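I have placed the structure first, in the form of structure tokens, so that the comments after it can refer back to it.
The values are calculated or read from the model by the stated rules, or taken from the named source; none is laboratory data. Only a predicted model underlies this, so the values are computations on that prediction, with no experimental measurement involved. Cβ sites come from the backbone with ideal geometry, for glycine too, and all protein chains shown count toward neighbours. Quick note on the areas: whole protein, heavy atoms, side chains included, nothing else; ligands and nucleic acids left out. Shrake-Rupley method; radii C 1.70, N 1.55, O 1.52, S 1.80 Å.
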Amino acid sequence: EAQVTQNPRYLITVTGKKLTVTCSQNMNHEYMSWYRQDPGLGLRQIYYSMNVEVTDKGDVPEGYKVSRKEKRNFPLILESPSPNQTSLYFCASRRGQMNTEAFFGQGTRLTVV
Amino acid sequence: TQLLEQSPQFLSIQEGENLTVYCNSSSVFSSLQWYRQEPGEGPVLLVTVVTGGEVKKLKRLTFQFGDARKDSSLHITAAQPGDTGLYLCARSGGSNYKLTFGKGTLLTVNP
């Protein structure tokens, strides 16, 4: 089954404690991205990757890091989380062509206290 | 950033009613996608429209792409509670294949 898998689904952490949200896809997609979804602000892109070892900033990259060492995995790293990073996070993948379908993970609800 | 404006922001209707939601921009789209997001889940693609004036149907859902490719609409006939969700439009553009989303229309269909 084609899918994007994120872990964990829910996470409560404290300010400053480094965390990683994992994302894996089994569709051999070139393009992967991370979004955060906040009430009234919609889905905003954090980082994206067009292929292995190729990553770039999206619209709201501050406070986040990513890596793309393998095609299937695209982890999101928060080196020093802050309360304003409390949000619902989605990983997505799609083929590296125009008009292709984006497949989303089930989301990670992060709370930073 | 080329914004996508979706309206209405919220819509609550009774089962069996018809409804239309809109997605507009001041810029021309090369293509537009509609996604539906159910509570607790990620968005799922409903349709992609690429040609000005194009109309696509998916059971009770009808999608239209404006002639000038600056707007799109989604019409649902005889809405059912299972249609409840957040409807998002998204445009793809630029060399990085980025998808930019509107803020969505939150639809609630009451039994």
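Key figures
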| quantity | calculated |
| --- | --- |
| FRET efficiency, 1/(1 + (r/R0)^6) with R0 35 Å, evaluated for B:Glu38 and A:Lys17 via beta carbons | 0.65 |
| Span from the region A:43-113 Cα centroid across to the region B:1-61 one, whole angstrom | 23 Å |
| Peptide A:62-75 - average C-beta neighbours from other chains (10 Å radius) | 0 |
| Probe 1.4 Å - accessible area at A:Thr15, Å² to nearest ten | 80 Å² |
| Within-14-Å neighbourhood charge of B:Thr84 [Cβ basis; K, R +1; D, E -1] | -3 |
| Charge-dipole axis of region B:1-68 as Lys and Arg at +1 and Asp and Glu at -1 on Cβ define it, positive-most pick from B:Ser12, B:Phe65, B:Ser27 | B:Phe65 |
| Shielding by other protein chains, A:100-107, mean Cβ within 10 Å | 5 |
| Gain on full stretching of the segment that runs from B:Leu58 to B:Glu17 - 0.36 nm per residue minus C-alpha separation | 13.0 nm |
| Signed unit charges on C-beta, dipole axis of chain A, positive-most listed residue A:Gly16, A:Ser67, A:Ala2 | A:Gly16 |
| Percent accessible area from carbon and sulfur atoms, chain B, protein chains only, probe 1.4 Å | 50 percent |
| Measure of compaction for chain B (Cα Rg per 2.2 N^0.38 Å) | 1.02 |
| Within a Gaussian network of chain B (alpha carbon springs, distance under 10 Å), most fluctuating of B:Gln64, B:Gln14, B:Gln33 | B:Gln14 |
| Summed buried accessible surface, chains A and B, 1.4 Å probe, nearest 100 Å² | 2000 Å² |
| Calculated P(r) tail over 11 Å for region A:59-105, as whole % of Cα pairs | 77 percent |
| Highest-MSF residue in chain A out of A:Ile46, A:Ile77, A:Ile12 [GNM, Cα springs under 10 Å] | A:Ile12 |
| Cβ-placed point charges (K, R +1; D, E -1), dipole of the protein assembly as shown about Cα centre in debye, nearest 20 | 460 debye |
| Fluctuation leader among B:Leu32, B:Leu61, B:Leu88 - chain B, Gaussian network, Cα springs under 10 angstrom | B:Leu61 |
| Exercise: per-residue mean of other protein chain Cβ atoms within 10 Å, A:87-98 | 2 |
| Pairwise FRET efficiency - B:Ser27 versus A:Met98, Cβ, R0 = 22 Å, nearest 0.05 | 0.85 |
| Cα-based Kirkwood hydrodynamic radius, the protein assembly as shown, one decimal, Å | 18.0 Å |
